[in-house]
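**Q** Structure below; questions to follow.
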Amino acid sequence: MSHDDRLFLMNFQDEMKLLSERCKLASTRGLNDLHETFFDTDDGLFAYLCRLTFTGFDEIRAVLPNWAPEEIRRQSTGEFSDHEMLLDATWFWRTVRSHYERLIPTAR
């Protein structure tokens with residue numbers, strides 16, 4: 001396990017265990033309901049998870065979408081760096097989640 005992985009687990013072990021359990025439930029549904037699984041996940045943690053650079057937690061990796069191939073990504077985002085692409089994806093996630101929360105009342 002790398003130093004980054006140990007640091008990551010030290011700070012987010014409880015959240016990752018909770019997300020792993022939610023992802024196991026998500027795998028039994030036909031639809032990948034990211035909003036149901038990650039509704040209360042910190043935006044920074046979600047951005048980190050979307051990079052798919054962490055090890056272990058296969059249940060979480062399985063429900064997260066993979067990045068498009070480089071050629072397709074460049075067609076849609078131009079010359080964005082990986083960091084800029086991640087910031088853009090995080091902004092998109094926050095926006096979608098905010099709209100969803102306003103439109104769909106939840107019993108949480």
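Only the coordinates and a few stated rules stand behind these numbers; no lab work does. Small disclaimer: the values here were computed from a predicted structure and weren't measured. Cβ coordinates were reconstructed from backbone atoms using ideal geometry, including for glycine residues, and neighbour counts include every protein chain displayed.
**Q** What do you get for Rg/Rh of the chain when both radii come from the Cα atoms and Rh is the Kirkwood radius?
**A** Values: Rg = 14.8 Å, Rh = 15.2 Å.
Result for the chain is an Rg/Rh of 0.97.
**Q** Loop-only GluC sites (Glu not before Pro) in region 13-108, please: DSSP not H, G, I, E or B, and at most 13 other Cβ atoms within 10 Å. Walk me through the numbers on the way to the answer.
**A** Numbers: sites: Glu15, Glu21, Glu36, Glu59, Glu70, Glu71, Glu79, Glu84, Glu101; in loops: Glu79.
Of the GluC sites (Glu not before Pro), the ones in loops of region 13-108 whose Cβ has at most 13 other Cβ atoms within 10 Å are Glu79.
**Q** Here's something else I'd like to know. Run the simple label-point estimate for Ile72 and Leu25 please: 7 Å along Cα→C-beta, distance reported in nm.
**A** 3.0 nm
**Q** Let me ask another. Expressed as a rounded percentage, what relative contact order does region 32-90 have, with Cα pairs under 8 Å and six or more residues apart? Don't skip to the answer; put the middle values down first.
**A** On the way: 20 pairs, mean separation 25.6, N = 59.
Relative contact order, region 32-90: 43 percent.
**Q** Another one. Restricting to Cα pairs below 8 Å that are 6+ residues apart, what does the relative contact order work out to for the chain? Please round to a whole percent.
**A** Details: 46 pairs, mean separation 30.0, N = 108.
Normalised by residue count, the contact order of the chain is 28 percent.
**Q** Once the Cα atoms of region 47-108 are picked out, what are the Rg and Dmax in Å?
**A** Both quantities, over Cα of region 47-108: 14.1, 42 Å.
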